[in-house]
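Chemist: Here it is: the structure, laid out below.
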Amino acid sequence: MPDFESIVSLAKRRGFIFPGSEIYGGLAGTWDYGPLGVALKNNLKNLWWRMFVENREDMFGVDAAILMNPKVWEASGHVSGFSDPLGETRFNLMFETKIGAAENAQKIYLRPETAGGIFVNFKNIIDSMHPKIPFGIAQIGKAFRNEIAPRDFIFRAREFEQMEIEYFVRPDDWEKSFEEWRENMLRYIEAAGIDPAKVNELEVPEEERAHYSKRTIDFEFDFPFGRKELYGLAYRTDFDLSAHSESSGADPSYLDEETKEKFIPHVIEPSLGVDRTVLAILCSAYMEDELGGEKRIVLKLKPSIAPVKIAVFPLVRNKPELVSRAREIYAGLKKNIGQVFWDDNGNIGKRYRRQDEIGTPWCVTVDYQTLEDGTVTVRDRDTGEQKRIEESKLKQYFIEKL
Ligand code: GAP
């Protein structure tokens, strides 16, 4: 089990994650993602969006406002019942703010889950996209909770991001769909590079379930600070559509054009935290090992989600013909692959160590032989193995591996 402090320290030292508002002493429960952190996070969000929105015909993406009419949270039960079920106090976790000029300002909330923005757009999606049931609405975005005790780095934050789907089904089909989404969540866990051996499924007992859920599975992860919730999968029944219908008067029913049957769909909700995904990945990938007799820290990230895919080096920085050739190769790879990094600082061994620490799968070195025969060395992060590859075949070589 990796030492948690080493992971947090690496994240800061190498530009993944910084404490929020740090120069002012910080703000508890807030974190700022640096250049490598935001790249990792974007790769994870893009993976999710590709798997569950772009690669499917039954999924519709939205990007709803964070600020919503407070009636949304009254109807959903969050105003009356959103407190930590395990906490001592009945303190509401929603952040309040005010909208409008002081004298007639109205109290509103920062959304505590992205799901709210999905349910209020259910009818808009029906009317504009004419989906056939079953179908889902997907959203990635920020959520805010005034956690009483934010802790464990980005695990429990006050501002965080969620990737959520509300999947609408016929009431009788909920169990089949629940099982499909359980498998889909495991597929995502695998694709993102979270160690499946550290993932545990917990059937959440009724007294610990959210007020809207009739069945919940928590996907837990063995973090260095204990086994804790990573993701949730819930059967929200028709609770939300019915509650919003009662409160707003909007008709939430679905009309089956073929059978002319009209009903309120039920909902399966796979809910994934982006920040917990980042943390579980860092905890899965962080290793201290030995390579060629030297100790090193390495992040064994999947190439597809690594924030830097390839680092390009000239063997030395004071030979202009080497540097310009390396620059050309760097520019070509960067144009095609994007997440490519240039480094000409220090000796090659140090550069390899620096790239290992941030999880870069491949380092390309341009040396004197390159000037003679057009080959470069490609060094593999996990094995340390180096092979010579023709410059003209490099792009294809990496594209096939990503
Ligand atoms: N819409 C359902 C929902 O919000 P939840 O279990 O309260 O359910 C879903 O939250 C996911 O959001 C969690 O499994 C976790 O990944 C993430 N999450 C919740 N609270 C969080 C917090 N304070 N900090 C970071 N991530 C959090």
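Chemist: Starting from the range 157-184, keep only residues that are touching a residue at least 24 places away in the same chain (Cβ under 8 Å), then list their pairs with residues that are away from the ligand (no atom under 16 Å from the Cβ) and aliphatic (A, V, I, L, M) whose Cβ atoms are within a distance under 7 Å, requiring at least 6 positions of separation or different chains.
Modeler: 168/133; 169/133; 170/133; 177/169
Chemist: From 382, 367, which residue is free of Cβ contacts under 8 Å to residues at least 60 places away in the same chain and either in contact with a helix residue (DSSP H, G or I) (Cβ under 8 Å, 6 or more places away or on another chain) or open to solvent by 60 Å² or more (accessible area, probe 1.4 Å) (or both)?
Modeler: Within the list 382, 367, the selection yields 367.
Chemist: With within 16 Å of the ligand (Cβ to nearest atom), closer than 20 Å to residue 161 by Cα and not in a strand (DSSP E or B) as the only criterion, which of 272, 282 stands out?
Modeler: Result: 282 is the single residue among 272, 282 that is within 16 Å of the ligand (Cβ to nearest atom), closer than 20 Å to residue 161 by Cα and not in a strand (DSSP E or B).
Chemist: Same structure again: Mind listing just one residue for me: the one in the range 145-154 that is in contact (Cβ under 8 Å) with a residue 60 or more places away in the chain and open to solvent by 10 Å² or more (accessible area, probe 1.4 Å) and, of those, nearest to the ligand (Cβ to nearest atom)?
Modeler: Only one residue tops the list, namely 147.
Chemist: Can I ask one more? Could you please find all residues in the range 235-269 being of a type in the set (Val, Ile, Thr) and more than 16 Å from the ligand (Cβ to nearest atom)?
Modeler: Matches in the range 235-269: 259, 264.
Chemist: For the range 104-157, how many residues meet the condition of being touching a helix residue (DSSP H, G or I) at 6+ places or on another chain (Cβ under 7 Å) and among the aliphatic types (A, V, I, L, M)?
Modeler: Looking only at that region, the number is 6.
Table: residues versus (1) open to solvent by less than 60 Å² (accessible area, probe 1.4 Å); (2) farther than 26 Å from residue 156 by Cβ; (3) in contact (Cβ under 8 Å) with a residue 40 or more places away in the chain.
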position: 211; (1), (2), (3): no, no, yes
position: 228; (1), (2), (3): no, no, yes
position: 250; (1), (2), (3): yes, yes, yes
position: 260; (1), (2), (3): no, yes, no
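Chemist: Tell me, which helices (runs of 4 or more DSSP H) lie completely within the range 1-120 with 1 or more residues that are open to solvent by 30 Å² or more (accessible area, probe 1.4 Å)?
Modeler: Ranges flagged: 4-13, 35-49, 71-75, 78-81.
Here is a yes/no grid of residues against (1) in contact with a Gly (Cβ under 7 Å, 6 or more places away or on another chain); (2) away from the ligand (no atom under 16 Å from the Cβ); (3) at pLDDT 95 or above:
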| site | (1), (2), (3) |
| --- | --- |
| 103 | no, yes, no |
| 109 | no, no, yes |
| 117 | no, no, yes |
| 121 | no, no, yes |
| 128 | no, yes, yes |
| 162 | yes, no, yes |
| 172 | no, yes, yes |
| 179 | no, yes, yes |
| 188 | no, no, yes |
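Chemist: In the set 218, 238, 275, 222, which member is open to solvent by 30 Å² or more (accessible area, probe 1.4 Å), farther than 30 Å from residue 126 by Cβ and at pLDDT 95 or above?
Modeler: Answer to the check: 222.
Chemist: Can you tell me how many residues in the range 327-348 are open to solvent by less than 70 Å² (accessible area, probe 1.4 Å), touching a helix residue (DSSP H, G or I) at 6+ places or on another chain (Cβ under 8 Å) and either in a helix (DSSP H, G or I) or of a type in the set (D, E, K, R) (or both)?
Modeler: 6
Chemist: Determine the pairs where a residue that is without any contact (Cβ under 8 Å) to a residue 60 or more places away in the chain and over 20 Å from residue 274 (Cα atoms), located within the range 12-34, has a partner that is polar (S, T, N, Q) and within 16 Å of the ligand (Cβ to nearest atom) with Cβ atoms under 7 Å apart, the partner being 6 or more residues away or on another chain.
Modeler: Note: pairs meeting the criteria are 21/30.
Chemist: Is it fair to say residue 190 is open to solvent by 10 Å² or more (accessible area, probe 1.4 Å), without any contact (Cβ under 8 Å) to a residue 24 or more places away in the chain and under 14 Å from the mean Cα position of the chain (by Cα)?
Modeler: Yes, satisfied.
Chemist: Further question on the same structure: Here are some conditions: (1) of a type outside the set (Asp, Glu); (2) in contact (Cβ under 8 Å) with a residue 12 or more places away in the chain; (3) closer than 18 Å to residue 299 by Cβ; (4) open to solvent by 10 Å² or more (accessible area, probe 1.4 Å). Residue 377 meets all but one. Which one does it not meet?
Modeler: (3)
The values are calculated or read from the model by the stated rules, or taken from the named source; none is laboratory data. Keep in mind that what you see is a predicted model, and the values were worked out from it rather than measured. In this analysis, Cβ positions are derived from the backbone assuming ideal geometry, glycine residues included, and neighbour counts consider all displayed protein chains. Note: accessible area is taken over every heavy atom of the protein model, side chains too, but ligands, DNA and RNA are not part of it. Shrake-Rupley method; radii C 1.70, N 1.55, O 1.52, S 1.80 Å.
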